[in-house]
1. In a GNM of the chain with a 10 Å cut-off on Cα contacts, which of Val196, Val120, Val160 has the highest mean-square fluctuation?
2. Relative to the present Cα-Cα distance, how much length would full extension add between Ile85 and Leu142 at 0.36 nm per residue of separation?
3. Specify the residue with the greatest mean-square fluctuation among Pro191, Pro116, Pro215, computed from a Gaussian network of the chain linking alpha-carbon atoms under 10 Å apart.
4. Between Lys194 and Lys62, what length in nm is gained on full extension when 0.36 nm per residue of separation is reduced by their alpha carbon distance?
5. Seen from all sides and averaged, what is the projected area of the convex hull of the Cα atoms in segment 122-278, in nm²?
6. How far apart, in nm, are the 7 Å Cα→Cβ label points at Glu233 and Leu127?
7. Helix-only estimate, please: 222 nm mean residue ellipticity of the chain, summing -39500 (n - 2.57) across DSSP H runs of length 4 or more and dividing by its residues, to the nearest 500.
8. Find the all-direction average of the projected area of the Cα convex hull for segment 17-65, expressing the result in square nanometres with one decimal place.
Amino acid sequence: MKDSKTAKTLSYILIAVLLVLYVMPLLFVINISFKSFSDYLLDPIGLVKSIQWDNYKEAWLKGNFSNYFINSLLYTGVATVLTLIVSLFGAFPVARNYVKWSGLIYLFFLMSQFLPNPMVAQFKLMLTMKQELGFVGYDTKLGYILLKTGGTGIVFMMFVGYIKGISREMDEAAGMDGAGYMRYLFQIIMPLMKPVIATGVILTAISIWNDFVGPVMYLPSPENYPITFGLKEFRGQYGNNWPMLACGIMIVSTPLIILYTFIQKYIVDGALAGAVKA
C-alpha cells in the first residue's frame, strides 16, 4: 500500500483530534480531582500545584462508594462470567452445525441486535418473577445479575465466528481420545479462544459496569445501588464541589481502565478474528 505524504499528514491530524476528544477530558478530570476546592475556584483549568490525595479518601467515605463498589463488582463479575459460559455453550454447536437450523439461530441473534431495547417486557418479567418467587426478580441482586446475563447477543456472534476458524478435526480427535463434551470445551476450545474471550470480557464488563438506566428501573433500594447510581447520588450532594465530583468519576472509571490495561493485547486480535471469520 502506497504511503503518501498527504495521507500521513491526515492520519496525524485525525489522531490529534481523537486525542483531544477522548484523552483530554480524562486528563482534565484527573487534574481537577487532585485540587483543593479553593485552588479549583481560583484557577479551574490550570495545572494542579499541590496534590490533594485526601480528596479520594474523603470522596470514598462520604459517597459510601464501598457498598456501591461491592455491588457493581458482584453484578459485573458474575454476569460477565455467566455471559461468557452461556455464549460458549450456545456458540459451539451453532458454529459446528451440530444443531438443526444453526443458520436460522444465528440469524435470530443477528436480528436481535437491531431491535429496540425490550425494556418494557423485561420490567414486566422482573415484576412477575418477584411476585411468583420472591427471592429473584425486581429489586433483587440475583434478578439483576440474571437480567444482565441475558444480553449475550454480540458475544455469542463473536464466539460463533471465532469457533468456525478452529479446525473441526480437533472435535473428531478429542472424541477418539474419549474427551467428554465439557472437558473438550473448557480444556481445549477455551484456551484457543483467549483473544475473543478477552474482547467479550471487556465489552460485557463495560456495558454492565457503566449501565445507568437498568439500575434506575430495576434496583430502587439503596442497598442494591451499583456504583453508577451511587455517583448520581454523590453528584446530588456535591454537585458544586468539582474536585470531589472528579474523584467520584475517577473511582467509577478506574476499575475498567485497569481491566483494559491487563487484557488489551488480546482485544484487537479477538475483535478482528471474530469479525473476519463470522
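A short reminder: the numbers here are calculations on the coordinates, not readings from a lab. Because the structure is predicted, anything quoted here is derived from the model rather than measured. A quick note on method: Cβ atoms are made from the backbone with ideal geometry, for glycine too, and the neighbour counts reach across all protein chains shown.
1. Val120
2. Extra length from Ile85 to Leu142 when fully extended: 18.8 nm.
3. Pro116
4. Result for the pair: 43.5 nm of gain on full extension.
5. One quarter of the hull surface, i.e. the mean projection, equals 12.5 nm².
6. 2.5 nm
7. -22500 deg cm²/dmol
8. 4.1 nm²
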